[in-house]
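Undergrad: Sharing a structure with you now.
The values are calculated or read from the model by the stated rules, or taken from the named source; none is laboratory data. All values reported here derive from a predicted model rather than from experimental measurement. As a convention, Cβ positions derive from the backbone with ideal geometry for all residues, glycine included, and neighbour counts pool all protein chains shown. What goes into the accessible areas is simple: the full protein's heavy atoms, side chains included, and nothing from ligands, DNA or RNA. Shrake-Rupley method; radii C 1.70, N 1.55, O 1.52, S 1.80 Å.
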Amino acid sequence: MAPERHGSCEALAFSTGREALQAVGEDWGGWNWTLVGPDPQRLPLSAGGQGSFDELRACVARRRNHGSDLYGLLRLNFGPRRGGRQKHVFLHIRLRDQLANEQASETVRAMEKALSAFANLDVKVEARDAEDLKLEAIVERLRQASPADATMLTVKAHREALAELAVDVYARAAAEQIFREQCAPAAEEAERFLESDEPVPDERSMIAESSSITGMPSTTSCQDGPSPQRARPSYRKGDLVAIYSRAARQWVDDGVIHDEVQEKCCYDGCKLVGGSVKVLYNNKTTFKWVLPEQFRTMLKPSSRPAAPYSLVGQLLKQTHNWIATWHVRHFELNNGHLQWWMTPEDAKAGRSPRTSLCLMDVQVNARGSIVYLHTGGPKVVAYAFDATSEESAELWFAALEDHATYCAAMAAYLSMKATQDRQGRDRLRPPGGGGEGAG
């Protein structure tokens, strides 16, 4: 059975059980519940979402007497984000009628151990169906397990926390998820690009650096003919655009006008007319030629922030073993990400980087020839890079700060888009029809 994904924020869809469990385990993470199959090694994703207890209960009701037992995590937040509390519940959903035996007990213990790696398990709940799951009973058990927090652990405080999540955290989590998946440099994403989309004749995967893209000739037959006389939008090289992808059946808001032609010609295997533009998108791994008469249906100007200039070069990276040592590495700073490889040849060959850092919420400092970088998030990691001269260090320092600023601006833009999309779906929802997943 394919995993069920619930809630209104599609950008928060996870593909594996480990990703989903990690999100539930995080402070105010993107999902607040998930169910996985009874395999402590693979942790196959069964269902999950951000609608908390009510959504989980509805999912269990649909799964009654269907399939194997399920295990999962439920995160319950109480009160405001600042000063509030969060608790994690270990779930065992018994969907099959079976007698308790040593093997079954061993599976439960193994799953409990596996899930405890993602969060501290405050209480454990076993249920045979949705009727066994009662929010008031779970909250009362949490109050008994955490006497010091008992006054803050109430159903009302939980509902208040859900309201704050709906307004703030989902939009931000969606922005960060989209940013990391769609805005990472091509060298990191190349191996993941082609998945299940049906091939489209004028779309080709182009695993190459943006400065040296050649691409495969398109087999699209572009028709010659007079252009309509009505006024059309005009685009120039370097313009940021959203382009409609027929393969994905959606607008892709990471396009850039890479080239344009002024007269009839044949280019990339296409017959083109004057004014046609070549658009790179999908993180510059795909291109499409768009004719002037297609501008209105396939292109839209994008107001997303423009990425700063890229920076490529070698730095000394500090490594901490028994003693601190410095090693030469090849670095590339692009699209809000800092990546490094052992050698420039590894990067040019398209090999995965040794490390890829999204510069969201990082802190950057420079002292002499050394640049210091501290990552954001709950787990702070510190890095030191020696640029061998103060001038070079200043260059890297300024570029890193520009890309960190770009990350923040891009996250704000994507958060705004996610909020607009959610509000648009809410306006289309029938009055009084909350539907599944309403928290």
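Yes/no per residue for (1) at pLDDT 90 or above; (2) in a helix (DSSP H, G or I); (3) of a type in the set (Val, Ile, Thr):
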residue	(1), (2), (3)
54	no, yes, no
58	no, yes, no
67	no, no, no
76	yes, no, no
81	no, no, no
92	yes, no, no
95	no, no, no
103	no, yes, no
110	yes, yes, no
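Undergrad: For the subset of segment 322-355 comprising residues that are of a type in the set (S, T, N, Q) and within 22 Å of residue 395 (Cβ to Cβ), which member is least open to solvent (accessible area, probe 1.4 Å)?
TA: 339
Undergrad: So the check is Cβ under 8 Å with 6+ separation or different chains; which pairs have a first residue in segment 294-312 that's open to solvent by 70 Å² or more (accessible area, probe 1.4 Å) and a second one that's assigned to a strand (DSSP E or B) and among the acidic types (Asp, Glu)?
TA: Going by the 8 Å Cβ cut-off, the qualifying pairs are 312/332.
Undergrad: Can you name every one of the strands (runs of 3 or more DSSP E) wholly within segment 264-324 that holds 2 or more residues which are hydrophobic (A, V, I, L, M, F, W, C) and more than 19 Å from residue 236 (Cα to Cα)?
TA: In segment 264-324, 311-320 are the strands (runs of 3 or more DSSP E) which contain 2 or more residues that are hydrophobic (A, V, I, L, M, F, W, C) and more than 19 Å from residue 236 (Cα to Cα).
Undergrad: Now for a separate question. Quick one: which residue in 265, 270 is over 23 Å from residue 417 (Cα atoms) and touching a residue at least 40 places away in the same chain (Cβ under 8 Å)?
TA: Going through 265, 270 in turn, the sole match is 270.
Undergrad: Which of the residues belonging to segment 260-282 are surrounded by fewer than 15 Cβ atoms within 10 Å (Cβ to Cβ) and in contact with a strand residue (DSSP E or B) (Cβ under 6 Å, 6 or more places away or on another chain)?
TA: If the condition is that a residue be surrounded by fewer than 15 Cβ atoms within 10 Å (Cβ to Cβ) and in contact with a strand residue (DSSP E or B) (Cβ under 6 Å, 6 or more places away or on another chain), then 265 is the only one that fits.
Conditions tested, residue by residue: (1) in contact with a Lys or Arg (Cβ under 8 Å, 6 or more places away or on another chain); (2) within 26 Å of residue 402 (Cβ to Cβ).
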| position | (1), (2) |
| --- | --- |
| 252 | no, yes |
| 260 | yes, no |
| 271 | yes, no |
| 276 | no, no |
| 281 | yes, yes |
| 294 | no, no |
| 308 | no, yes |
| 323 | no, no |
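Undergrad: Return the residues of segment 37-47 that are at negative phi and under 23 Å from the mean Cα position of the chain (by Cα); say none if nothing qualifies.
TA: Passing the criteria: 42, 44, 45, 46, 47.
Undergrad: Could you give me the residue pairs with C-beta distances under 8 Å whose first residue belongs to segment 361-387 and is among the charged types (D, E, K, R), whose second residue is open to solvent by 70 Å² or more (accessible area, probe 1.4 Å) wherever it lies, and which are 6+ apart or on separate chains?
TA: 386/326
Undergrad: May I ask you to verify whether residue 277 is in contact with a Pro (Cβ under 9 Å, 6 or more places away or on another chain) and among the aliphatic types (A, V, I, L, M)?
TA: yes
Undergrad: Please list, ordered by first then second residue, the pairs with beta carbon atoms under 8 Å, 6 or more apart or interchain, first in segment 318-339 and touching a residue at least 40 places away in the same chain (Cβ under 8 Å), second in a strand (DSSP E or B) and of a type in the set (Lys, Arg).
TA: 326/317
Undergrad: Let me ask something additional. Cβ-Cβ below 6 Å, separation at least six or inter-chain, first residue in segment 74-88 and farther than 21 Å from residue 125 by Cβ, second open to solvent by less than 50 Å² (accessible area, probe 1.4 Å) and part of a strand (DSSP E or B): which pairs?
TA: Within 6 Å, the pairs are 84/78.
Undergrad: Quickly run through segment 353-394 and pick out the residues that are within 19 Å of residue 328 (Cβ to Cβ), in contact with a Phe, Trp or Tyr (Cβ under 9 Å, 6 or more places away or on another chain) and either among the acidic types (Asp, Glu) or not in a strand (DSSP E or B) (or both).
TA: Of everything in segment 353-394, those that are within 19 Å of residue 328 (Cβ to Cβ), in contact with a Phe, Trp or Tyr (Cβ under 9 Å, 6 or more places away or on another chain) and either among the acidic types (Asp, Glu) or not in a strand (DSSP E or B) (or both) turn out to be 353, 354, 386, 387, 393.
Undergrad: Okay, next question. Consider segment 113-142. How many of its residues are part of a strand (DSSP E or B) and more than 19 Å from residue 43 (Cα to Cα)?
TA: Going through segment 113-142 one residue at a time, the tally reaches 2.
Undergrad: Still on this structure, I have one more. State which residue is nearest to residue 83 (Cα to Cα) when the search covers only segment 101-131 and only residues that are open to solvent by less than 80 Å² (accessible area, probe 1.4 Å) and of a type in the set (D, E, K, R).
TA: Filtering segment 101-131 for residues that are open to solvent by less than 80 Å² (accessible area, probe 1.4 Å) and of a type in the set (D, E, K, R), the one nearest to residue 83 (Cα to Cα) comes out as 122.
Undergrad: Let me ask something else about it. What do you reckon, is residue 373 out of contact with any helix residue (DSSP H, G or I) (no Cβ under 6 Å at 6 or more places or on another chain) and over 30 Å from residue 249 (Cβ atoms)? Break it down into steps so the answer makes sense when it comes.
TA: Numbers: out of contact with any helix residue (DSSP H, G or I) (no Cβ under 6 Å at 6 or more places or on another chain): yes; over 30 Å from residue 249 (Cβ atoms): yes.
Yes: the conditions hold for residue 373.
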